[in-house]
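Colleague: So that we are looking at the same thing, I have put the structure below in structure tokens.
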Ligand SMILES: C[S@@+](CC[C@H](N)C(=O)[O-])C[C@H]1O[C@@H](n2cnc3c(N)ncnc32)[C@H](O)[C@@H]1O
């Protein structure tokens with residue numbers, strides 16, 4: 001159940017804080033006129049915070065607040081004190097176990113961040129969270145907090161420090177704007193670098209993976225739209241096979257570079273700048289025989305059901321979605337190929353600091369500070385596709401990837417594989433799904449391929 005009921009934050013008086021430090025919950029309940037639960041015990045800083053408010057009754061920061069919902073005390077929250085000399089305030093909150101997973105923590109954090117923003121004295125809001133407290137880390141990242149360091153707390157042990165700038169000139173983090181800015185910058189670096197090697201592509205290199213032709217089937221004469229097409233190398237590889245192609249991407253820089261690449265290659269292609277969620281309107285209601293997408297596309301989207309609905313609306317009856325994606329396990333173990341550092345399931349759409357360059361331009365120095373990503377599991381992808389009325393015909397896993405990860409070996413075909421002798425797991429998966437054709441009408445997409453199920457290729 002999600003918290004639709006507003007939460008109230010009730011500041012405790014100095015006397016109430018001191019009573020709780022003394023363990024006298026009954027006195028506090030009598031004073032407040034409603035019960036307080038056994039979980040409401042004083043934290044170790046509460047005496048210092050009571051002292052601060054006692055010394056300066058205009059201090060609106062330091063009082064501990066009770067979190068009340070539907071009249072019940074469900075947690076406590078507060079700032080650790082007034083803004084420090086650098087304008088930093090730290091938020092702490094605790095939601096009692098019986099009330100967790102209901103959106104209360106998010107409501108509390110949102111309220112307190114808003115309060116901090118409203119003060120001209122605050123430049124940074126901080127949270128300190130134990131590294132294994134995934135729910136709180138996920139909530140912090142989805143609220144735009146970025147990890148800035150770690151600290152050793154004498155009682156609580158190692159804590160990750162996450163911060164959100166809130167001063168003038170620091171806008172509320174906006175996933176669309178931050179991702180678009182990142183991709184506009186990345187596109188320029190990618191077009192100039194060796195990973196996409198655009199001169200090599202113009203000279204005739206084919207960028208599709210070895211399994212794609214067989215899995216999608218012939219595309220000559222078909223209308224194909226490539227969602228999140230980036231520089232258009234995959235889009236134009238389909239054009240070289242005779243498809244009438246349209247590429248769509250939210251990054252205007254990517255689209256401009258893709259248009260130029262089409263001209264340089266002498267290939268007809270349409271490229272449109274739009275968010276994938278707006279694709280139906282941006283493409284003027286056109287429908288296609290093939291919707292193609294993938295290799296690092298879905299992770300940039302916060303809502304797969306909405307994406308799948310857009311895909312379904314772009315497909316003619318009987319037409320197919322063909323998707324080739326980074327396997328979620330690779331995203332989870334990205335750093336070294338073994339250690340799971342990112343959720344493979346249920347991780348949420350979170351803000352991550354941009355450190356270094358990109359997969360294709362590791363040395364690029366980008367000005368974008370953060371991007372928003374989510375590692376979607378294969379089950380989430382399949383469920384969204386099925387939920388939008390498409391029938392999955394093929395789901396395959398491959399031990400090759402485009403990503404030049406340092407723990408893989410890159411071959412002459414530009415694909416990366418596990419070194420010999422190392423146990424393998426899927427690096428890429430592909431999926432073909434078909435929109436139902438009307439009972440009497442013929443299918444318009446590529447022919448149905450009887451092969452389906454988990455094949456391992458590469
Ligand atoms: C990793 S690239 C895709 C790479 C592509 N498969 C290739 O190999 O060239 C991701 C692309 O998704 C685009 N993108 C991210 N979020 C988007 C959105 N909401 N709508 C449309 N495009 C988006 C980015 O601009 C970027 O060009």
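Colleague: Is it the case, given these coordinates, that residue 213 is more than 15 Å from the ligand (Cβ to nearest atom), in the same structural domain as residue 351 (by TED's automatic domain parsing) and either under 21 Å from the mean Cα position of the chain (by Cα) or part of a helix (DSSP H, G or I) (or both)?
Modeller: Here the answer is yes, as residue 213 does meet what is asked.
Colleague: Just checking, does the range 293-316 include any residue being within 13 Å of the ligand (Cβ to nearest atom), in contact with a strand residue (DSSP E or B) (Cβ under 8 Å, 6 or more places away or on another chain) and assigned to a strand (DSSP E or B)?
Modeller: yes
Colleague: Go through (1) without any contact (Cβ under 8 Å) to a residue 12 or more places away in the chain; (2) closer than 22 Å to residue 128 by Cα; (3) buried (at least 16 other Cβ atoms within 10 Å of the Cβ) one by one and return the number of the condition residue 80 breaks.
Modeller: (1)
Colleague: Would you mind stating whether residue 370 is touching a residue at least 40 places away in the same chain (Cβ under 8 Å) and within 17 Å of the chain's Cα centre (by Cα)?
Modeller: yes
Colleague: Considering each residue of the range 264-292, count those that are within 11 Å of the ligand (Cβ to nearest atom) and surrounded by fewer than 20 Cβ atoms within 10 Å (Cβ to Cβ), and give that number.
Modeller: Count: 7.
Colleague: Across the range 233-275, what is the total count of residues that are touching a helix residue (DSSP H, G or I) at 6+ places or on another chain (Cβ under 6 Å), in a helix (DSSP H, G or I) and either closer than 19 Å to residue 315 by Cβ or at pLDDT below 95 (or both)?
Modeller: Going through the range 233-275 one residue at a time, the tally reaches 0.
Colleague: Something else: Residue 57 is checked against (1) more than 15 Å from residue 14 (Cα to Cα); (2) out of contact with any strand residue (DSSP E or B) (no Cβ under 8 Å at 6 or more places or on another chain) and fails just one. What number does that condition carry?
Modeller: Single failed check for residue 57: (1).
Colleague: Identify, by number, the condition in (1) loosely packed, with under 15 Cβ neighbours inside 10 Å; (2) over 13 Å from residue 144 (Cα atoms) that residue 358 doesn't meet.
Modeller: (1)
Colleague: Looking at the structure I just gave you, is residue 261 within 13 Å of the ligand (Cβ to nearest atom), assigned by TED's automatic domain parsing to the domain that holds residue 195 and under 24 Å from residue 183 (Cα atoms)?
Modeller: yes
Colleague: Scan the range 170-197 residue by residue and report those that are touching a residue at least 12 places away in the same chain (Cβ under 8 Å), under 18 Å from residue 359 (Cα atoms) and assigned to a loop (DSSP other than H, G, I, E, B).
Modeller: Hits for the range 170-197 are 193, 195, 196.
So that you can scan it fast, the table gives a plain yes or no per residue for (1) within 13 Å of the ligand (Cβ to nearest atom); (2) touching a strand residue (DSSP E or B) at 6+ places or on another chain (Cβ under 7 Å):
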{"position": "147", "(1), (2)": "no, yes"}
{"position": "151", "(1), (2)": "no, yes"}
{"position": "185", "(1), (2)": "yes, no"}
{"position": "223", "(1), (2)": "no, yes"}
{"position": "227", "(1), (2)": "yes, yes"}
{"position": "230", "(1), (2)": "yes, yes"}
{"position": "240", "(1), (2)": "no, no"}
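Listed here are the residues, each with its yes/no results for (1) under 28 Å from residue 116 (Cα atoms); (2) touching a helix residue (DSSP H, G or I) at 6+ places or on another chain (Cβ under 7 Å); (3) assigned to a helix (DSSP H, G or I).
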position	(1), (2), (3)
23	no, no, no
28	yes, yes, yes
35	no, yes, no
38	no, no, no
42	yes, yes, no
48	yes, no, yes
59	yes, yes, no
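Colleague: Keeping to the range 372-424, report how many residues are within 15 Å of the ligand (Cβ to nearest atom), in a loop (DSSP other than H, G, I, E, B) and either outside the structural domain of residue 216 (by TED's automatic domain parsing) or surrounded by 19 or more Cβ atoms within 10 Å (Cβ to Cβ) (or both).
Modeller: Residues flagged as within 15 Å of the ligand (Cβ to nearest atom), in a loop (DSSP other than H, G, I, E, B) and either outside the structural domain of residue 216 (by TED's automatic domain parsing) or surrounded by 19 or more Cβ atoms within 10 Å (Cβ to Cβ) (or both) within the range 372-424 amount to 7.
Colleague: Another one. Here is a check on your reading of the model: is residue 205 part of a loop (DSSP other than H, G, I, E, B), within 14 Å of the ligand (Cβ to nearest atom) and over 30 Å from the mean Cα position of the chain (by Cα)?
Modeller: yes
Colleague: With surrounded by fewer than 22 Cβ atoms within 10 Å (Cβ to Cβ) and not in a loop (DSSP other than H, G, I, E, B) as the only criterion, which of 200, 221 stands out?
Modeller: 200
Colleague: Just one of 89, 122 is assigned to a loop (DSSP other than H, G, I, E, B), touching a residue at least 12 places away in the same chain (Cβ under 8 Å), under 29 Å from the mean Cα position of the chain (by Cα) and buried (at least 21 other Cβ atoms within 10 Å of the Cβ); which is it?
Modeller: On the way: 89 fails: assigned to a loop (DSSP other than H, G, I, E, B).
Step by step, each of 89, 122 is checked, and only 122 is assigned to a loop (DSSP other than H, G, I, E, B), touching a residue at least 12 places away in the same chain (Cβ under 8 Å), under 29 Å from the mean Cα position of the chain (by Cα) and buried (at least 21 other Cβ atoms within 10 Å of the Cβ).
The values are calculated or read from the model by the stated rules, or taken from the named source; none is laboratory data. Model, not experiment: these values are computed from the prediction. Here Cβ is always computed from backbone atoms with ideal geometry, including for glycine, and neighbour counts include all displayed protein chains.
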